[in-house]
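*Asks:* The following block contains the structure, expressed as structure tokens.
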Amino acid sequence: QHSTNNFTLDKNIQRLSRNTAHIKNSYLSYDDFIKQSSTLPALIAIELTSTAGNILETALPAECCFVVGSERHGISEEILNCCTSAVYIPMYGVNGSMNVSHALALCLYEWHRQHTPELTKSLTGD
């Protein structure tokens with residue numbers, strides 16, 4: 001069962017944070033995603049799978065697309081099969097998941113950290 005997301009990028013979404021880097025984003029319907037998946041940059045699923053790598057230990061490509069799924073059902077098997085790889089966020093305690101928007105934010109931060117030398121230097125003190 002798949003639903004079409006009629007979400008649009010209104011001004012509130014475009015202006016979530018002032019004075020920050022802007023990352024290109026887009027939203028595709030399920031059918032369009034399946035059709036276009038082979039033409040997109042590396043597709044990285046944010047999902048717990050048997051082959052998912054720890055996001056903190058994974059070298060993320062400069063050009064990639066993060067794929068997130070529903071809060072309740074995750075990413076469908078068909079979409080996972082289109083993905084190049086999967087990553088997970090290590091968590092403490094007995095939790096196995098977190099809010100999908102938070103997971104995406106953490107992955108985007110890690111991607112940005114890996115591809116912004118100035119940020120890495122300021123965080124490590126080098």
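The values are calculated or read from the model by the stated rules, or taken from the named source; none is laboratory data. Nothing here was measured: the structure is a model prediction, and the numbers come from that model. All Cβ positions, glycine included, derive from the backbone under ideal geometry; neighbour counts span all protein chains shown.
*Asks:* Is there a residue in region 4-23 that is among the small types (Gly, Ala, Ser) and either surrounded by 11 or more Cβ atoms within 10 Å (Cβ to Cβ) or at pLDDT 85 or above (or both)? Lay out the reasoning, then the answer.
*Replies:* First, the residues of region 4-23 that are among the small types (Gly, Ala, Ser): 17, 21.
Checking the rest, the ones that are also either surrounded by 11 or more Cβ atoms within 10 Å (Cβ to Cβ) or at pLDDT 85 or above (or both) come to none.
No - not one qualifying residue is present in region 4-23.
Residue-wise test of (1) modelled with pLDDT of 90 or more; (2) touching a helix residue (DSSP H, G or I) at 6+ places or on another chain (Cβ under 6 Å).
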site	(1), (2)
Ser26	no, no
Ser38	yes, no
Glu71	no, yes
Gly93	no, no
Ser97	no, no
